[in-house]
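Asker: First, the structure itself, so that you have it in front of you.
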Amino acid sequence: MTVQQMEIVAPAGEPVITYRRFVPAPPELVFEAWTKPEHLAQWLGPAYLEMSFCEIDLRVGGGYRFVHRAPDGTEHGFHGEYLEVVRPSRLVTTFIYEGMPDAHSVDALNFEATEGGTLLHGTSTHSSVADRDQHLANGMEAGVRESYERLDAYVAEMQARG
């Protein structure tokens, strides 16, 4: 799997989105980039959005919250709870977009060591197919693809800094 390839699958009739993506960095570094606010704020989301707030309490029962600000000043908040934390191989969280609080999901992300980096396997399980489809319709795929391109660049910078 090359760096640019991302597989995103939304099976018909199932409230699930799965994806796989290779990141050219070891799982420990990718996990750190996912779980420390100072790192997450540098790459998560489309580049045109600024992450204006990011807080993480990385423990089972702890939570996270981040807010993206658009150029017009509109803010988009997201939050959730950590259901499972296994360093550096797995995170399971709830995921709630504050603009649609009833359309939540449970997201599982596995960090698999592989030659040359980390293979990420993600599953987002929504409360309904309609909620899943709304998530997709609101630009989820493009946002995830751009985020992972930004993650590649960010972990390369982290590795260069040592």
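Asker: What are the DSSP H helices in the chain that stretch 18 Å or more along their long axis, judged by alpha-carbon atoms, and whose average Kyte-Doolittle hydropathy comes to at least -1.0? Each step should come with its number before you reach the end.
Answerer: Values: long enough: 140-161 (31 Å, -0.69).
The qualifying helices are 140-161.
Asker: Mind jotting down the three principal axis lengths of the stretch 84-162 based on Cα atoms? Whole angstrom, largest first.
Answerer: 42, 25, 21
Asker: Find the relative contact order for the chain and round it to a whole percent, using C-alpha pairs within less than 8 Å whose residues are 6+ positions apart.
Answerer: Taking the mean separation of contacting Cα pairs over the length of the chain, I get 27 percent.
Asker: Taking the Kirkwood radius as the inverse of the mean 1/r across Cα pairs, report the Rg/Rh of the stretch 1-130.
Answerer: With Rh from the inverse mean 1/r over Cα pairs, Rg/Rh is 0.96.
Asker: OK, next. As an exercise, identify the trypsin sites (Lys or Arg not before Pro) in the stretch 29-101 lying in DSSP coil whose Cβ has no more than 15 other Cβ atoms within 10 Å.
Answerer: Details: sites: Arg59, Arg65, Arg69, Arg90; in loops: Arg59.
Loop-located and lightly packed - Arg59.
Rule-based calculations on the coordinates, nothing more; no lab input. Here the structure is a predicted model, which is why all the values come from computation and not from measurement. Because the Cβ atoms are built from the backbone with ideal geometry, glycine has one as well, and the counts that use them run over all protein chains shown.
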